[in-house]
Structure formats: structure tokens, C-alpha cells
1. How far apart, in nanometres, would the label points at E37 and L51 be if each is projected 7 angstrom from Cα along the Cα-to-Cβ direction?
2. Ignoring solvent entirely, what values of log10 I(q)/I(0) come out of the Debye formula for the range 51-105 at 0.13, 0.21 Å⁻¹ when each Cα is a single scatterer?
Amino acid sequence: MTNSNPFEKVGAAARAFEARSDEMAARIKTLGSRPSERLTITLAPDAIDALAALQVRTGLSKTDVLNRAVQIYNMLDEATRNGSEVLLRTPRAGTGGEIERVRFL
């Protein structure tokens with residue numbers, strides 16, 4: 001009989017995400033060895049607010065926040081296209097937490 005504990009799946013997904021994050025950090029470090037591309041973009045007001053909030057919380061520049069956001073979105077898009085699910089667990093006292101599936105439209 002197989003164990004279908006959703007928290008084990010979440011743990012495995014978290015470990016895979018951490019490994020992928022390490023890979024992404026390594027790519028960012030090698031960015032200097034590849035030519036970068038300058039872009040001019042127009043952000044929606046909500047995106048402007050989110051970018052500013054991320055800058056304050058992380059201490060990163062707009063460029064760094066956007067570079068990370070695009071890479072994370074690419075990783076999540078690739079994973080979901082290959083059949084993986086993105087889950088968000090909200091801790092709750094006395095329980096394992098509430099798990100929500102995140103869908104990208």
C-alpha cells in the first residue's frame with residue numbers, strides 16, 4: 001500500500017524547489033559572462049506596487065527583483081507544463097497546515 005500523505009509530497013516538492021533555486025542562483029552568478037539585454041517595459045500599477053514592496057523587503061534592485069521573478073516564473077511554468085503542481089502551505093497551530101494549489105492563468 002502506498003502512502004499518500006500530502007505533506008510528504010509537499011516536502012519532496014520543497015526539496016526539488018530548493019535544488020532548482022540553487023541552480024537558478026548559480027545561473028545568476030554566471031550572468032556576467034553572458035551578454036545582457038536592456039529592455040524598456042511598461043508595468044501595470046499593481047506590478048509597480050509589488051515591485052516596490054519586493055525592493056523594500058529584499059533590499060534588491062528593480063533589475064535583480066525582475067530577473068529573479070522571470071526566472072522563477074519560467075521554472076514554475078515549466079514544472080506545471082510537465083504535470084507538477086504548485087502548492088502553498090499555510091501553517092496552522094496544532095495542524096499540518098492548509099494546502100492550496102496555485103494556478104497560473
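Laboratory data are not the source of any read-out in this text; all were calculated from the coordinates shown. Since this is a predicted model, take the numbers as computed values, not measurements. Heads up, the Cβs are rebuilt from the backbone with ideal geometry, glycines too, and the neighbour counts pull from every protein chain shown.
1. Between E37 and L51, the label points sit 1.7 nm apart.
2. The calculated log intensity ratios at q = 0.13, 0.21 Å⁻¹ are -0.50, -0.89.
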